[in-house]
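Novice: Below you will find the structure I want to go over with you.
The values are calculated or read from the model by the stated rules, or taken from the named source; none is laboratory data. Just so it is clear, the structure is predicted and the values come from calculations on it, not from any experiment. All Cβ positions, glycine included, derive from the backbone under ideal geometry; neighbour counts span all protein chains shown. Accessible surface areas use protein heavy atoms only, side chains included; no ligands, DNA or RNA. Shrake-Rupley method; radii C 1.70, N 1.55, O 1.52, S 1.80 Å.
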Amino acid sequence: MLYTLYESQRTLMEPFADLAQAAAKFYSNPLSPFSETDLAHRLSAGCELMFRLGKDYEKPEFNIRTVDVDGVNCAIHERIEINKPFCELRRFKRFSDDPDTLLKLKDQPVVLVVAPLSGHYATLLRDTVRSMLEGHKVYITDWKNARTVPLSEGDFHLDDYVNYVQEFIRHLQKNYGNCHVISVCQPTVPVLAAISLMASRGETTPLSMTMMGGPIDARSSPTAVNNLATKRSFQWFENNVIYRVPSNFPGAGRRVYPGFMQHMGFVAMNPDRHATSHYDYFKNLVRGDDASADAHRKFYDEYNAVLDMDANYYLETIKTVFQEFKLVNGTWDVRAVNGDLERVRPQDITSTALLTVEGELDDISGCGQTKAAHDLCSGIPEGRRMHYEVKGAGHYGIFSGRRWRKHVYPKVRDFILENQPAQMAAEARTRRARSA
C-alpha cells in the first residue's frame, strides 16, 4: 500500500514540478520582460529548486564518450555482452585510428568492475570506470531496477548474485584467458564468495581482486548502517520495508525493497548536510554561479536516482552479512546453479592477489571491515596482498572524485599491473592470430 501511495503522490506532484520548471525559465529567460524585475533571480532560483525537489529522477547515463590513453583520444562504445534477467554485463569498448594505440589497447589488462546493488545504479561508479579506461579493458555489472523485471523471470536471491559474478568472470576468462575484479562497497561480500567457490572447485580464479569499502566483517567499526541491521530483527525488515510493485510497472506484484525508502534512509543519515547543500544551490542560482549550480545538479541527478531491489536478495543480504556474519563465521552455504549447496571457504583462494581499500572517514563501511578479507584469505601469500587506507576520504571518496583519481586509482592500477603476467599478452595475440 505504501508503494502505491508514494506513486500516487509522485504522479500528483509531477505537474507542479513541470510548472515550477516553466516558471524558473520564465523568470530567467532574457527575452522575458519579467526577467528584468528586482526579484526575478530569486523567483527563478526558488522555482528551480522546487522543480529539483519534486521531479522524478530516471536512471542516468554513463555518458563516457571519449577517454585519453597516453595522449591519444579514444572513442568509447557501450555495448551489452550478457543480458541476464536482473543484470547486464556492460562493456566499454575503446576505438582508435592510431595503430600504435590499438596495439597498446589490445594488450592491456581486463577488469570486471562489480557495481553495488544497494539502491543506486551502476552509474554511481562513472568516475571509477572513466579512470580505469585509461589503461584497461573495462566491463561493469549494470544491475536492473527490480520493478522493471516481470514476475515471470522469477525471484533474485543473494545466491543468484554470486552465480552471476562467476558467470561474468568465466565469460572474460574464455575471451581473454583471465581477468581482474574490482568490487565497490556491497559486492565485496558476494564477490569474495564467488571467487572462493571457484577456488574450492579447482577453477581458474581471477588474477587479482580489489575490494573497496565493503562490509566483509560488519562487526568492525560499526556504522549507522550496521547498527540499524543489528538493532532490528529480520522479521522487522520483512514486515516494514518490503512492498509489492504497483500495477503501472512491468514488475507489478514483485516483492521489493523500494528505492524511495532507500533514498529516505540515505538522506536521514545526514539531513543537515543535504539541507545546506540545497540552500547553497539556491544562493548559487541567485548570484549566477553556474559552475557550482551545475556541480550540484550532477551530484543529485545521480544521488536521487534509485532502484528497487528484489525482496529475497535484500533480506538475505541483511541476514547473511549484517546479522549472522556468515562469511567471517565460516557458515555461509551458497546454492549453485545446479542446485548444490557449497560452503564458502576464502582460505581456499591461493592464486588471486588481494588489494583492500578503505576510507579513513567512511561512514558506510567502517575502517577494518574491508581489511578483514586478509584474515579470511589466509591461503594468499603475504607478498601478493596489500591494504591501503585513504586519509581524509569518506565512502564516496575512495571510488570517485579527486582522492580516487589522485591517490586510489594509481594504487589500483599498479597493483593490477604487478599481477598481470607478461605471457598473457603474447597468448592473447596468438589466439587473435589463429581466429583471424
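Novice: So which strands (runs of 3 or more DSSP E) are wholly in segment 322-399 and hold at least 1 residues that are open to solvent by 60 Å² or more (accessible area, probe 1.4 Å)?
Specialist: Because the criterion is at least 1 residues that are open to solvent by 60 Å² or more (accessible area, probe 1.4 Å), the strands (runs of 3 or more DSSP E) in segment 322-399 that meet it are 333-335, 341-343, 385-390.
Novice: Name the pairs: first residue in segment 1-17 and touching a residue at least 24 places away in the same chain (Cβ under 8 Å), second residue open to solvent by 80 Å² or more (accessible area, probe 1.4 Å) and not in a helix (DSSP H, G or I), Cβ to Cβ under 8 Å, at least 6 apart or on different chains?
Specialist: Y3/R244; E7/N248
Novice: Among the residues in segment 226-238, are any of a type in the set (A, V, I, L, M, F, W, C) and closer than 24 Å to L361 by Cβ?
Specialist: yes
Novice: While we're here: Can you tell me which residues in segment 300-319 are modelled with pLDDT under 95 and assigned to a helix (DSSP H, G or I)?
Specialist: Selection gives Y300, D301, E302, Y303.
Novice: Still on this structure: With respect to N248, is the statement that it is of a type in the set (S, T, N, Q), open to solvent by 40 Å² or more (accessible area, probe 1.4 Å) and touching a residue at least 40 places away in the same chain (Cβ under 8 Å) true?
Specialist: Spelling it out, N248 is indeed of a type in the set (S, T, N, Q), open to solvent by 40 Å² or more (accessible area, probe 1.4 Å) and touching a residue at least 40 places away in the same chain (Cβ under 8 Å).
Novice: From the residues in segment 251-274 that are open to solvent by 70 Å² or more (accessible area, probe 1.4 Å) and within 27 Å of H157 (Cα to Cα), which one is farthest from the chain's Cα centre (by Cα)?
Specialist: R255
Novice: Enumerate the pairs (first residue in segment 94-107 and touching a residue at least 12 places away in the same chain (Cβ under 8 Å); second residue anywhere and assigned to a strand (DSSP E or B) and basic (K, R)) with beta-carbon separation below 6 Å, excluding pairs fewer than 6 apart on the same chain, so at least 6 apart or on different chains.
Specialist: As it stands, the answer is L105/R94, since those pairs meet every condition given.
Novice: For N73, state whether it is over 24 Å from the mean Cα position of the chain (by Cα), surrounded by fewer than 17 Cβ atoms within 10 Å (Cβ to Cβ) and closer than 30 Å to L102 by Cα.
Specialist: yes
Novice: For S277, are the conditions met, namely being open to solvent by 20 Å² or more (accessible area, probe 1.4 Å), at positive phi and outside any strand (DSSP E or B)?
Specialist: No: the conditions fail for S277.
Novice: Restricting segment 148-158 to residues that are surrounded by 20 or more Cβ atoms within 10 Å (Cβ to Cβ) and in contact with a helix residue (DSSP H, G or I) (Cβ under 8 Å, 6 or more places away or on another chain), which is farthest from P187 (Cα to Cα)?
Specialist: F156
Novice: Here's another thing I want to ask about it. Which residue pairs have Cβ atoms under 7 Å apart, sit 6 or more places apart or on different chains, and have a first residue in segment 214-243 that is closer than 21 Å to A268 by Cα and a second that is surrounded by fewer than 18 Cβ atoms within 10 Å (Cβ to Cβ) and among the aliphatic types (A, V, I, L, M)?
Specialist: These pairs meet every condition: A224/M269; Y243/L2.
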